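The values are calculated or read from the model by the stated rules, or taken from the named source; none is laboratory data. These numbers come from a predicted model, not from an experiment. Cβ atoms come from the backbone with ideal geometry, glycine included; neighbour counts cover every protein chain shown. Surface accessibility is based on the protein's heavy atoms, side chains included, excluding ligands, DNA and RNA. Shrake-Rupley method; radii C 1.70, N 1.55, O 1.52, S 1.80 Å.
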Amino acid sequence: MTSSSFAHSPPAMLDAKGLTALIQALAARAYRVIGPTVRDDAIVYDDIASVDDLPAGWTDYQAPGRYELQRRTDQALFGFAVGPHSWKQFLHPPVERLFTVRKDGEGLAFAECSASNEANESNEAADRVPQKFAFIGVRACELNAIAIQDRVFLAGAWVDRGYALRRRDAFIVAVNCSQAGGTCFCASMQTGPKATEGFDLALTELPAAADGTSGRFVVEAGSAAGADLLAQLAHGEATPADIDAAHAVVARTAQQMGRTMQTDNLKTLLQDNLRHPRWAEVGDRCLSCGNCTMVCPTCFCTTVEDHTDLAGTTAERVRKWDSCFTLDFSWLHGGSVRQSGEARYRQWLTHKLAGWIDQFGTSGCVGCGRCITWCPVGIDITEEVAAIRATPGATTPAGAANGDGNGDGNGRP
Ligand code: SF4
Ligand code: SF4
(Lines give C-alpha, C1' and ligand atoms only; values in the text may rest on other atoms or scores of the structure.)
(Ligands and ions follow the chains in the order given, each with its own letter.)
Protein backbone atom coordinates (compact mmCIF):
# COMPACT_ATOMS: atom_id res chain seq x y z
CA MET A 1 0.00 0.00 0.00
CA THR A 2 2.91 2.36 0.67
CA SER A 3 6.66 2.12 0.72
CA SER A 4 6.35 1.24 4.41
CA SER A 5 4.54 -2.05 3.69
CA PHE A 6 6.68 -4.77 5.15
CA ALA A 7 8.35 -6.98 2.56
CA HIS A 8 6.21 -9.91 1.38
CA SER A 9 3.19 -8.77 3.44
CA PRO A 10 0.47 -7.56 1.10
CA PRO A 11 -2.30 -5.52 2.71
CA ALA A 12 -4.77 -7.74 4.53
CA MET A 13 -8.34 -7.34 5.76
CA LEU A 14 -9.54 -7.67 9.33
CA ASP A 15 -13.03 -7.26 10.70
CA ALA A 16 -14.02 -6.31 14.23
CA LYS A 17 -13.67 -9.93 15.39
CA GLY A 18 -10.20 -10.03 13.87
CA LEU A 19 -9.34 -6.84 15.74
CA THR A 20 -10.39 -8.45 19.01
CA ALA A 21 -8.24 -11.46 18.07
CA LEU A 22 -5.34 -9.07 17.52
CA ILE A 23 -5.85 -7.47 20.94
CA GLN A 24 -6.08 -10.88 22.58
CA ALA A 25 -3.02 -12.19 20.75
CA LEU A 26 -1.02 -9.24 22.05
CA ALA A 27 -2.29 -9.84 25.58
CA ALA A 28 -1.34 -13.52 25.25
CA ARG A 29 2.18 -12.36 24.37
CA ALA A 30 2.33 -10.51 27.70
CA TYR A 31 1.69 -7.06 26.31
CA ARG A 32 -0.31 -4.57 28.32
CA VAL A 33 -2.75 -3.50 25.61
CA ILE A 34 -3.70 0.18 25.64
CA GLY A 35 -6.18 1.84 23.32
CA PRO A 36 -8.79 4.58 23.06
CA THR A 37 -11.84 4.28 25.28
CA VAL A 38 -14.57 6.61 26.55
CA ARG A 39 -14.15 7.88 30.10
CA ASP A 40 -15.31 11.07 31.81
CA ASP A 41 -16.85 12.45 28.61
CA ALA A 42 -13.60 12.18 26.67
CA ILE A 43 -11.75 9.61 24.60
CA VAL A 44 -8.69 8.66 26.59
CA TYR A 45 -6.03 5.94 26.37
CA ASP A 46 -6.41 3.09 28.83
CA ASP A 47 -6.30 -0.70 29.11
CA ILE A 48 -8.53 -2.47 26.61
CA ALA A 49 -9.43 -6.15 26.27
CA SER A 50 -11.52 -6.22 23.10
CA VAL A 51 -13.20 -3.99 20.52
CA ASP A 52 -16.04 -3.59 23.01
CA ASP A 53 -13.80 -1.17 24.91
CA LEU A 54 -13.27 1.07 21.87
CA PRO A 55 -15.36 4.24 21.34
CA ALA A 56 -17.77 2.65 18.81
CA GLY A 57 -20.10 5.23 17.33
CA TRP A 58 -18.45 8.23 19.01
CA THR A 59 -16.74 11.22 17.55
CA ASP A 60 -15.28 14.38 19.04
CA TYR A 61 -16.13 17.99 18.33
CA GLN A 62 -13.02 20.11 18.82
CA ALA A 63 -12.41 23.86 18.55
CA PRO A 64 -10.16 26.31 20.41
CA GLY A 65 -10.93 25.71 24.09
CA ARG A 66 -13.75 23.26 23.21
CA TYR A 67 -14.04 19.47 23.31
CA GLU A 68 -17.24 17.48 23.27
CA LEU A 69 -18.13 13.89 22.48
CA GLN A 70 -20.91 13.44 19.97
CA ARG A 71 -22.70 10.43 18.54
CA ARG A 72 -21.88 9.39 14.99
CA THR A 73 -24.45 8.09 12.58
CA ASP A 74 -22.47 4.83 12.26
CA GLN A 75 -20.61 2.51 14.62
CA ALA A 76 -17.09 3.37 13.46
CA LEU A 77 -14.49 2.28 16.02
CA PHE A 78 -11.94 5.02 15.27
CA GLY A 79 -14.17 7.82 13.98
CA PHE A 80 -12.63 10.55 16.11
CA ALA A 81 -9.35 12.48 16.31
CA VAL A 82 -7.00 12.68 19.30
CA GLY A 83 -8.11 13.40 22.86
CA PRO A 84 -6.38 14.87 25.90
CA HIS A 85 -4.14 11.83 26.36
CA SER A 86 -1.12 10.95 24.30
CA TRP A 87 1.16 7.90 24.34
CA LYS A 88 3.74 9.98 26.13
CA GLN A 89 2.06 9.16 29.43
CA PHE A 90 3.15 5.54 29.01
CA LEU A 91 6.60 5.96 27.48
CA HIS A 92 7.51 9.03 29.54
CA PRO A 93 5.24 8.71 32.63
CA PRO A 94 3.99 11.84 34.43
CA VAL A 95 5.49 10.54 37.68
CA GLU A 96 8.47 8.20 37.75
CA ARG A 97 10.44 7.09 40.76
CA LEU A 98 14.09 7.22 39.82
CA PHE A 99 15.60 5.60 42.90
CA THR A 100 15.07 4.86 46.56
CA VAL A 101 17.56 4.84 49.40
CA ARG A 102 16.93 2.85 52.59
CA LYS A 103 18.74 2.74 55.87
CA ASP A 104 20.35 -0.65 56.01
CA GLY A 105 21.99 -1.24 59.37
CA GLU A 106 24.76 1.31 59.58
CA GLY A 107 24.76 1.94 55.84
CA LEU A 108 22.42 2.80 53.00
CA ALA A 109 20.87 0.51 50.39
CA PHE A 110 20.35 2.11 47.01
CA ALA A 111 17.72 0.81 44.58
CA GLU A 112 17.33 2.21 41.09
CA CYS A 113 13.79 2.22 39.73
CA SER A 114 13.88 4.08 36.45
CA ALA A 115 13.81 0.91 34.38
CA SER A 116 10.24 0.24 35.48
CA ASN A 117 7.09 1.70 34.02
CA GLU A 118 5.52 3.50 36.92
CA ALA A 119 6.38 5.02 40.23
CA ASN A 120 3.83 2.99 42.11
CA GLU A 121 3.80 1.71 45.63
CA SER A 122 4.95 -1.78 44.70
CA ASN A 123 7.86 -0.60 42.58
CA GLU A 124 10.69 -1.76 44.76
CA ALA A 125 12.88 -4.06 42.75
CA ALA A 126 15.81 -2.55 40.95
CA ASP A 127 15.67 -5.34 38.43
CA ARG A 128 11.93 -5.31 37.92
CA VAL A 129 11.10 -6.46 34.40
CA PRO A 130 9.42 -3.58 32.57
CA GLN A 131 5.94 -4.03 31.18
CA LYS A 132 5.65 -4.38 27.44
CA PHE A 133 3.12 -1.99 25.96
CA ALA A 134 0.98 -2.59 22.90
CA PHE A 135 -0.59 0.64 21.68
CA ILE A 136 -3.75 0.33 19.59
CA GLY A 137 -4.89 3.30 17.53
CA VAL A 138 -1.74 5.42 17.28
CA ARG A 139 -2.31 8.24 14.81
CA ALA A 140 0.25 9.44 12.27
CA CYS A 141 0.93 12.65 14.19
CA GLU A 142 1.48 10.56 17.31
CA LEU A 143 3.97 8.29 15.54
CA ASN A 144 5.86 11.43 14.64
CA ALA A 145 5.63 12.64 18.23
CA ILE A 146 7.08 9.34 19.47
CA ALA A 147 9.88 9.66 16.91
CA ILE A 148 10.62 13.16 18.24
CA GLN A 149 10.72 11.93 21.84
CA ASP A 150 13.02 9.12 20.67
CA ARG A 151 15.48 11.79 19.55
CA VAL A 152 15.17 13.61 22.85
CA PHE A 153 15.54 10.58 25.10
CA LEU A 154 17.62 8.18 23.04
CA ALA A 155 19.69 10.01 20.46
CA GLY A 156 21.69 12.45 22.57
CA ALA A 157 24.71 12.03 24.78
CA TRP A 158 22.51 10.79 27.66
CA VAL A 159 20.08 7.98 27.07
CA ASP A 160 17.02 7.82 29.33
CA ARG A 161 17.14 4.20 30.44
CA GLY A 162 13.51 3.87 31.52
CA TYR A 163 12.26 5.38 28.27
CA ALA A 164 14.63 3.19 26.27
CA LEU A 165 13.29 -0.01 27.84
CA ARG A 166 9.65 0.95 27.47
CA ARG A 167 10.18 2.09 23.90
CA ARG A 168 12.21 -0.96 22.87
CA ASP A 169 9.41 -3.34 23.74
CA ALA A 170 6.44 -1.33 22.50
CA PHE A 171 4.25 -2.85 19.78
CA ILE A 172 2.47 -0.17 17.79
CA VAL A 173 -0.78 -0.56 15.90
CA ALA A 174 -1.36 2.66 13.99
CA VAL A 175 -4.70 3.86 12.67
CA ASN A 176 -4.91 6.14 9.65
CA CYS A 177 -7.27 9.00 10.40
CA SER A 178 -10.70 8.83 8.81
CA GLN A 179 -11.81 12.19 10.16
CA ALA A 180 -9.84 15.36 10.85
CA GLY A 181 -10.34 16.90 14.27
CA GLY A 182 -11.47 20.50 14.43
CA THR A 183 -8.03 21.69 15.56
CA CYS A 184 -5.75 19.33 13.60
CA PHE A 185 -3.13 20.65 11.18
CA CYS A 186 -0.90 17.61 10.64
CA ALA A 187 -1.19 17.77 6.84
CA SER A 188 0.66 21.09 6.79
CA MET A 189 3.31 19.70 9.17
CA GLN A 190 3.81 16.63 6.91
CA THR A 191 3.09 14.39 9.89
CA GLY A 192 -0.26 12.92 8.82
CA PRO A 193 -2.99 11.94 8.37
CA LYS A 194 -1.44 8.72 7.02
CA ALA A 195 1.03 6.65 9.01
CA THR A 196 4.08 6.02 6.85
CA GLU A 197 6.61 4.55 9.28
CA GLY A 198 7.23 3.70 12.91
CA PHE A 199 4.46 1.12 13.33
CA ASP A 200 4.20 -2.65 13.48
CA LEU A 201 0.74 -2.73 11.95
CA ALA A 202 -1.35 0.07 10.46
CA LEU A 203 -5.12 -0.06 10.08
CA THR A 204 -7.40 1.96 7.86
CA GLU A 205 -11.04 1.71 8.87
CA LEU A 206 -13.21 1.62 5.77
CA PRO A 207 -16.51 3.51 5.69
CA ALA A 208 -19.62 1.60 6.77
CA ALA A 209 -21.09 -0.60 4.06
CA ALA A 210 -24.47 0.23 2.50
CA ASP A 211 -26.16 -2.06 5.03
CA GLY A 212 -24.56 -0.06 7.88
CA THR A 213 -21.90 -2.65 8.70
CA SER A 214 -18.82 -1.00 10.26
CA GLY A 215 -15.51 -2.40 11.37
CA ARG A 216 -13.65 -3.41 8.19
CA PHE A 217 -9.97 -2.64 8.22
CA VAL A 218 -7.25 -2.67 5.62
CA VAL A 219 -4.13 -3.79 7.50
CA GLU A 220 -0.57 -3.04 6.52
CA ALA A 221 2.46 -4.58 8.26
CA GLY A 222 5.34 -2.23 9.00
CA SER A 223 7.76 -4.58 10.76
CA ALA A 224 8.70 -8.24 10.99
CA ALA A 225 6.91 -8.44 14.33
CA GLY A 226 3.76 -6.98 12.78
CA ALA A 227 3.89 -9.32 9.79
CA ASP A 228 4.44 -12.28 12.11
CA LEU A 229 1.46 -11.43 14.28
CA LEU A 230 -0.78 -10.72 11.30
CA ALA A 231 0.13 -14.08 9.78
CA GLN A 232 -1.19 -15.80 12.90
CA LEU A 233 -4.57 -14.09 12.77
CA ALA A 234 -7.47 -15.19 10.60
CA HIS A 235 -7.60 -12.49 7.95
CA GLY A 236 -8.61 -11.88 4.35
CA GLU A 237 -6.70 -10.32 1.50
CA ALA A 238 -7.34 -6.70 0.64
CA THR A 239 -8.69 -6.29 -2.88
CA PRO A 240 -7.62 -3.39 -5.12
CA ALA A 241 -11.02 -1.83 -4.33
CA ASP A 242 -10.33 -2.10 -0.59
CA ILE A 243 -6.94 -0.46 -1.04
CA ASP A 244 -8.43 2.34 -3.16
CA ALA A 245 -11.08 2.88 -0.49
CA ALA A 246 -8.37 3.12 2.18
CA HIS A 247 -6.49 5.72 0.13
CA ALA A 248 -9.72 7.67 -0.31
CA VAL A 249 -10.30 7.69 3.47
CA VAL A 250 -6.94 9.33 4.10
CA ALA A 251 -7.25 11.76 1.18
CA ARG A 252 -10.65 12.92 2.42
CA THR A 253 -9.28 13.43 5.92
CA ALA A 254 -6.43 15.59 4.59
CA GLN A 255 -8.95 17.70 2.68
CA GLN A 256 -11.12 18.18 5.78
CA MET A 257 -8.32 19.78 7.78
CA GLY A 258 -9.29 23.34 8.53
CA ARG A 259 -6.02 24.63 9.96
CA THR A 260 -2.53 25.00 8.56
CA MET A 261 0.83 26.14 9.80
CA GLN A 262 3.22 27.56 7.23
CA THR A 263 6.60 26.17 8.26
CA ASP A 264 8.91 27.69 5.58
CA ASN A 265 11.69 29.57 7.26
CA LEU A 266 9.74 29.44 10.53
CA LYS A 267 12.77 28.99 12.78
CA THR A 268 14.42 32.16 11.48
CA LEU A 269 11.15 34.07 11.47
CA LEU A 270 10.56 33.37 15.16
CA GLN A 271 14.14 33.87 16.26
CA ASP A 272 14.21 37.22 14.42
CA ASN A 273 10.98 38.40 16.05
CA LEU A 274 11.55 37.96 19.77
CA ARG A 275 10.33 41.51 20.43
CA HIS A 276 7.24 41.31 18.28
CA PRO A 277 4.20 42.95 19.96
CA ARG A 278 2.17 39.79 19.38
CA TRP A 279 3.94 38.15 22.33
CA ALA A 280 2.45 40.76 24.67
CA GLU A 281 -1.02 40.27 23.20
CA VAL A 282 -0.96 36.50 23.61
CA GLY A 283 0.75 36.85 27.00
CA ASP A 284 -2.19 38.94 28.19
CA ARG A 285 -4.60 36.14 27.26
CA CYS A 286 -2.47 33.24 28.53
CA LEU A 287 -3.32 31.96 32.02
CA SER A 288 0.02 30.13 32.39
CA CYS A 289 -1.98 27.04 33.31
CA GLY A 290 0.42 24.71 31.50
CA ASN A 291 -2.37 22.67 29.88
CA CYS A 292 -0.74 23.00 26.48
CA THR A 293 2.49 21.43 27.72
CA MET A 294 0.70 18.60 29.53
CA VAL A 295 -1.39 17.54 26.53
CA CYS A 296 1.38 18.06 23.98
CA PRO A 297 2.74 14.66 22.88
CA THR A 298 6.26 16.01 22.46
CA CYS A 299 6.79 18.30 25.49
CA PHE A 300 9.16 16.43 27.75
CA CYS A 301 10.32 18.78 30.53
CA THR A 302 10.49 17.42 34.05
CA THR A 303 11.46 18.39 37.55
CA VAL A 304 12.72 16.15 40.34
CA GLU A 305 11.57 15.94 43.94
CA ASP A 306 13.16 14.16 46.88
CA HIS A 307 10.86 12.70 49.54
CA THR A 308 11.51 10.94 52.82
CA ASP A 309 9.17 8.87 54.92
CA LEU A 310 8.16 10.08 58.38
CA ALA A 311 10.44 7.57 60.11
CA GLY A 312 13.44 8.85 58.18
CA THR A 313 14.39 5.38 57.00
CA THR A 314 13.56 5.71 53.30
CA ALA A 315 14.14 8.45 50.78
CA GLU A 316 13.19 8.52 47.14
CA ARG A 317 13.78 10.70 44.13
CA VAL A 318 10.79 11.18 41.86
CA ARG A 319 10.73 12.74 38.42
CA LYS A 320 7.54 14.58 37.41
CA TRP A 321 6.35 16.33 34.29
CA ASP A 322 6.95 20.06 34.57
CA SER A 323 5.90 22.98 32.42
CA CYS A 324 7.79 26.00 31.13
CA PHE A 325 4.66 27.99 32.05
CA THR A 326 5.37 27.77 35.79
CA LEU A 327 7.44 30.38 37.59
CA ASP A 328 9.44 27.63 39.27
CA PHE A 329 10.56 26.22 35.96
CA SER A 330 13.02 29.05 35.29
CA TRP A 331 13.80 29.82 38.93
CA LEU A 332 17.46 30.57 39.43
CA HIS A 333 18.92 31.97 42.62
CA GLY A 334 16.61 34.80 43.65
CA GLY A 335 13.86 34.61 41.06
CA SER A 336 12.38 33.38 37.82
CA VAL A 337 14.08 34.23 34.58
CA ARG A 338 10.71 34.39 32.82
CA GLN A 339 8.39 36.31 35.10
CA SER A 340 5.70 37.36 32.64
CA GLY A 341 3.13 35.23 30.84
CA GLU A 342 4.37 36.84 27.67
CA ALA A 343 7.92 35.62 28.27
CA ARG A 344 6.73 32.13 29.13
CA TYR A 345 4.44 31.79 26.10
CA ARG A 346 7.20 33.08 23.82
CA GLN A 347 9.63 30.59 25.36
CA TRP A 348 7.23 27.71 24.77
CA LEU A 349 6.37 28.56 21.20
CA THR A 350 9.85 29.56 20.06
CA HIS A 351 11.40 26.51 21.71
CA LYS A 352 8.84 24.19 20.17
CA LEU A 353 9.05 25.58 16.64
CA ALA A 354 12.60 26.93 16.47
CA GLY A 355 14.89 25.94 19.38
CA TRP A 356 14.03 22.25 18.93
CA ILE A 357 15.38 22.40 15.39
CA ASP A 358 18.70 23.67 16.79
CA GLN A 359 18.68 21.05 19.55
CA PHE A 360 17.15 17.97 17.95
CA GLY A 361 17.07 18.66 14.22
CA THR A 362 13.28 18.64 14.14
CA SER A 363 10.33 20.86 14.97
CA GLY A 364 8.69 19.99 18.28
CA CYS A 365 5.20 20.25 16.80
CA VAL A 366 3.35 17.52 14.92
CA GLY A 367 0.11 19.41 14.34
CA CYS A 368 -2.10 17.30 16.61
CA GLY A 369 -4.05 20.38 17.76
CA ARG A 370 -4.27 19.34 21.42
CA CYS A 371 -2.78 22.59 22.72
CA ILE A 372 -5.51 24.51 20.87
CA THR A 373 -8.40 22.34 22.06
CA TRP A 374 -7.28 22.14 25.69
CA CYS A 375 -6.23 25.75 26.13
CA PRO A 376 -8.94 27.16 28.40
CA VAL A 377 -8.81 30.52 26.62
CA GLY A 378 -8.53 29.04 23.14
CA ILE A 379 -5.05 30.26 22.19
CA ASP A 380 -4.24 28.79 18.80
CA ILE A 381 -0.59 28.14 17.95
CA THR A 382 -1.32 28.37 14.21
CA GLU A 383 -2.92 31.78 14.67
CA GLU A 384 0.02 33.06 16.71
CA VAL A 385 2.53 31.96 14.08
CA ALA A 386 0.40 33.46 11.30
CA ALA A 387 0.16 36.77 13.16
CA ILE A 388 3.94 37.05 13.44
CA ARG A 389 4.39 35.96 9.85
CA ALA A 390 1.96 38.67 8.75
CA THR A 391 3.97 41.49 10.36
CA PRO A 392 7.61 40.42 10.60
CA GLY A 393 9.97 42.97 12.04
CA ALA A 394 7.36 44.67 14.23
CA THR A 395 8.85 45.51 17.64
CA THR A 396 7.71 46.64 21.06
CA PRO A 397 8.01 50.42 21.68
CA ALA A 398 11.50 51.88 21.95
CA GLY A 399 12.88 51.83 25.47
CA ALA A 400 10.64 49.01 26.61
CA ALA A 401 13.52 46.59 26.51
CA ASN A 402 15.35 48.01 29.49
CA GLY A 403 15.05 47.44 33.18
CA ASP A 404 12.16 45.02 33.28
CA GLY A 405 14.08 42.80 35.64
CA ASN A 406 13.01 39.48 34.20
CA GLY A 407 15.54 38.94 31.50
CA ASP A 408 13.03 38.91 28.68
CA GLY A 409 13.96 42.37 27.54
CA ASN A 410 10.45 43.57 26.85
CA GLY A 411 9.85 46.11 29.55
CA ARG A 412 7.05 44.07 31.11
CA PRO A 413 7.30 42.47 34.52
S1 SF4 B 1 2.46 22.17 20.01
FE2 SF4 B 1 0.23 21.76 20.04
S3 SF4 B 1 -0.27 21.04 17.97
FE4 SF4 B 1 1.97 20.92 18.19
S5 SF4 B 1 2.35 18.81 18.87
FE6 SF4 B 1 2.18 20.05 20.76
S7 SF4 B 1 0.00 19.92 21.34
FE8 SF4 B 1 0.16 19.19 19.21
S1 SF4 C 1 -1.38 28.90 26.10
FE2 SF4 C 1 -3.37 28.24 26.97
S3 SF4 C 1 -3.01 26.16 27.72
FE4 SF4 C 1 -0.99 27.10 27.43
S5 SF4 C 1 -0.47 27.97 29.42
FE6 SF4 C 1 -1.47 29.62 28.25
S7 SF4 C 1 -3.65 29.49 28.83
FE8 SF4 C 1 -2.71 27.53 29.48
Open item on the list: If I ask for residues that are of a type in the set (Phe, Trp, Tyr) and more than 29 Å from residue 87 (Cα to Cα), which ones from the range 263-310 would you list?
Closed with: 279
Open item on the list: Of the residues 373, 350, 382, only one is farther than 19 Å from residue 183 by Cβ, modelled with pLDDT of 95 or more and under 19 Å from the mean Cα position of the chain (by Cα); which?
Closed with: 350
Task: Filter result for residue 95 (over 20 Å from residue 143 (Cβ atoms) and at pLDDT below 95) - done: no
TODO: Could you please tell me which pairs satisfy a Cβ distance under 6 Å, a separation of 6+ or placement on different chains, a first residue in the range 54-68 that is crowded, with 20+ Cβ neighbours inside 10 Å, and a second residue that is among the basic types (Lys, Arg)?
DONE: 59/72
TODO: Output the number of the condition that residue 334 fails; it satisfies all remaining conditions of (1) more than 13 Å from ligand 2 (Cβ to nearest atom); (2) touching a Lys or Arg at 6+ places or on another chain (Cβ under 9 Å).
DONE: (2)
TODO: Select from the range 338-365 the residues that are touching a Leu at 6+ places or on another chain (Cβ under 9 Å) and aliphatic (A, V, I, L, M) and list them in ascending order.
DONE: 349, 353, 354, 357
- [ ] Could you please find all residues in the range 284-326 being hydroxyl-bearing (Ser, Thr, Tyr), within 16 Å of ligand 2 (Cβ to nearest atom) and more than 14 Å from the chain's Cα centre (by Cα)?
- [x] 288, 323, 326
- [ ] Kindly list, by first and then second residue, each pair from a residue in the range 383-400 that is farther than 11 Å from residue 275 by Cα to a residue that is hydroxyl-bearing (Ser, Thr, Tyr) and at pLDDT 95 or above, limited to pairs with Cβ atoms under 9 Å and residues at least 6 apart or on different chains.
- [x] 384/345; 385/263; 386/260
Open item on the list: I need every pair where a residue in the range 225-252 that is free of Cβ contacts under 8 Å to residues at least 40 places away in the same chain has its Cβ under 8 Å from the Cβ of a residue that is part of a helix (DSSP H, G or I) and open to solvent by less than 70 Å² (accessible area, probe 1.4 Å), sequence separation at least 6 or different chains.
Closed with: none
TODO: Take the range 199-218 and flag every residue that is without any contact (Cβ under 8 Å) to a residue 40 or more places away in the chain and under 25 Å from residue 144 (Cα atoms).
DONE: 200
- [ ] Within the range 375-389, work out how many residues are touching a helix residue (DSSP H, G or I) at 6+ places or on another chain (Cβ under 9 Å), among the hydrophobic types (A, V, I, L, M, F, W, C) and open to solvent by 50 Å² or more (accessible area, probe 1.4 Å).
- [x] 1
Task: Among (1) over 25 Å from the mean Cα position of the chain (by Cα); (2) at negative phi; (3) open to solvent by less than 20 Å² (accessible area, probe 1.4 Å) - the single one residue 236 does not satisfy - done: (3)
- [ ] Could you tell me which numbered condition residue 78 fails, if it satisfies all but one of (1) under 20 Å from the mean Cα position of the chain (by Cα); (2) of a type in the set (A, V, I, L, M, F, W, C); (3) surrounded by fewer than 20 Cβ atoms within 10 Å (Cβ to Cβ)?
- [x] (3)
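Results for (1) open to solvent by 40 Å² or more (accessible area, probe 1.4 Å); (2) closer than 30 Å to residue 143 by Cα; (3) within 16 Å of ligand 1 (Cβ to nearest atom), shown as yes or no for each residue.
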| residue | (1), (2), (3) |
| --- | --- |
| 306 | yes, no, no |
| 323 | no, yes, yes |
| 338 | yes, no, no |
| 351 | yes, yes, yes |
| 368 | no, yes, yes |
| 373 | no, yes, yes |
TODO: Give 312, 258 a once-over and let me know the one that is at pLDDT below 95 and open to solvent by 60 Å² or more (accessible area, probe 1.4 Å).
DONE: 258
Open item on the list: Looking at the range 137-178 only, could you name the residues that are over 30 Å from residue 248 (Cβ atoms) and of a type in the set (Asp, Glu)?
Closed with: 150, 160, 169
Open item on the list: Exactly one of these conditions fails for residue 278: (1) within 16 Å of ligand 2 (Cβ to nearest atom); (2) surrounded by fewer than 16 Cβ atoms within 10 Å (Cβ to Cβ). Give me its number.
Closed with: (2)
TODO: Output the number of residues of the range 165-183 satisfying the condition of being open to solvent by less than 30 Å² (accessible area, probe 1.4 Å) and either part of a loop (DSSP other than H, G, I, E, B) or within 23 Å of residue 301 (Cβ to Cβ) (or both).
DONE: 8
